[in-house]
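The values are calculated or read from the model by the stated rules, or taken from the named source; none is laboratory data. None of these values were measured; they are calculated from a predicted model. All Cβ positions, glycine included, derive from the backbone under ideal geometry; neighbour counts span all protein chains shown. We work out accessible area using only protein heavy atoms, side chains counted, and drop any ligands, DNA or RNA first. Shrake-Rupley method; radii C 1.70, N 1.55, O 1.52, S 1.80 Å.
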Amino acid sequence: MRIQRATLLMTIIFIASVVYIILYFKLFIPTPEQERNIILILKEHNIRSDFWQTVSAGAEAAAKEAGAEITITGPLQETDVDAQIKLLEEVLEQKPQAIVLAPINDDRVTAEMKKIHDAKIPLVIIDTPVSLKSAPALVSNDHITAGMQAGKVTLEQTKNNPKVVIISDFITSGVSLEREKGVKKALFPYPNSIYGTYYNADSEERAYMIAKTIMRDHSDLNTIIALNESAALGAAKAIKDANKTGLVKLIGFDTSVYEIRLLEEGTLNATVVQQPFNIGYLGVQTVLELMEGKKVKPVTYTNSIVVTKENMYSQENQKLLFPFIDK
């Protein structure tokens with residue numbers, strides 16, 4: 001009888017110990033957070049693209065801080081709409097926890113975004129404004145303000161006597177349209193100052209031909225505003241070939257190794273530089289908040305800075321122009 005009592009007592013003590021241990025770990029030992037996975041789809045995932053590599057770096061930094069996993073992908077060229085659509089279709093089949101997207105401007109991409117929305121997958125758009133009935137949260141440079149900055153630096157460079165031509169990429173480009181609006185807003189007090197807007201279809205050679213023709217047809221032209229890199233590079237070549245460096249001012253956007261060289265030599269008089277690291281960082285941070293059920297701002301804007309030959313060597317601007325150099 002004593003043995004049975006002892007056995008029963010030991011059993012009770014054992015069960016009580018197990019229950020205590022389970023409760024202790026549940027109450028006092030924090031369990032790891034559920035793993036969060038984010039997919040970032042860029043316009044261009046190419047090591048040669050300084051801008052998108054910097055966006056990626058910002059996104060990775062935000063994910064690392066939050067302990068989340070991030071997968072970064074995108075087409076090799078920013079104009080490859082078919083490749084981005086294919087990636088969106090593949091990602092949608094995987095049913096990811098969240099998506100951050102820099103969309104190429106195309107109705108088919110917009111249709112894929114609607115599918116993501118209908119699947120109730122948290123979605124944040126970066127860089128490029130989109131037209132959707134239920135628009136996702138947007139993290140972007142304020143492109144209208146950036147265009148106004150380009151217009152204002154044009155006035156400085158021409159001493160308030162602008163005779164301007166604008167070279168854009170595509171008439172459907174949301175980013176370029178907003179930049180153009182900003183330029184026109186800044187130059188509005190100066191009637192007949194803009195001879196027109198021309199489209200280079202993201203072709204450096206086409207921008208060269210446009211700039212060459214415009215300089216020939218308008219002898220008083222004193223500024224070319226190039227809304228994208230290919231336009232700036234093509235226009236710079238035309239200006240140099242016409243021996244008009246300094247006579248025809250060139251105002252660009254963003255930055256690359258080639259644009260930095262043009263700044264240093266004085267062919268590019270100014271460039272309006274975004275903060276791509278912040279775009280990637282805030283894009284991921286915003287989608288993480290959506291995953292947690294938090295309410296986020298519909299639009300988050302980042303700032304841009306006007307860089308010239310005179311201020312390009314400041315510490316702040318060096319970080320923008322050379323983001324991957326460890327200082």
*Evaluate the following for VAL175: is it open to solvent by less than 50 Å² (accessible area, probe 1.4 Å), at pLDDT below 95 and among the hydrophobic types (A, V, I, L, M, F, W, C)?*
yes
_Subset of region 79-99 [of a type in the set (Asp, Glu) and either in contact with a helix residue (DSSP H, G or I) (Cβ under 6 Å, 6 or more places away or on another chain) or open to solvent by 70 Å² or more (accessible area, probe 1.4 Å) (or both)]_ = ASP82, GLU89, GLU90, GLU93
*Do any residues in region 276-299 that are among the hydrophobic types (A, V, I, L, M, F, W, C) have Cβ atoms under 7 Å from those of residues that are open to solvent by 60 Å² or more (accessible area, probe 1.4 Å), where the two are at least six apart or on different chains, and which pairs are they?*
MET291/GLN97; VAL296/GLU289
*Subset of region 150-172 that is of a type outside the set (Phe, Trp, Tyr) and modelled with pLDDT under 95 - its residue that is surrounded by the most Cβ atoms within 10 Å (Cβ to Cβ)*: ASP169
*Subset of region 244-253 [over 13 Å from ARG216 (Cβ atoms) and open to solvent by 30 Å² or more (accessible area, probe 1.4 Å)]*: THR245, GLY246, LEU247, LYS249
*Which is at pLDDT below 95 and either in contact with a helix residue (DSSP H, G or I) (Cβ under 6 Å, 6 or more places away or on another chain) or open to solvent by 60 Å² or more (accessible area, probe 1.4 Å) (or both), of ILE104, ILE116?*
ILE104
*Have a look at ALA62, ALA66 and point out the one that is in contact with a Leu (Cβ under 7 Å, 6 or more places away or on another chain), touching a residue at least 40 places away in the same chain (Cβ under 8 Å) and either buried (at least 20 other Cβ atoms within 10 Å of the Cβ) or over 30 Å from GLY182 (Cα atoms) (or both).*
ALA66
*Candidates THR7, THR71, THR11, THR54 - the one that is buried (at least 16 other Cβ atoms within 10 Å of the Cβ) and either at pLDDT 60 or above or under 26 Å from GLY280 (Cα atoms) (or both)*: THR54
*Determine whether GLU33 is open to solvent by 40 Å² or more (accessible area, probe 1.4 Å), modelled with pLDDT of 85 or more and within 17 Å of LEU290 (Cα to Cα).*
no
*Is it the case that ASN192 is part of a loop (DSSP other than H, G, I, E, B) and open to solvent by 30 Å² or more (accessible area, probe 1.4 Å)?*
yes
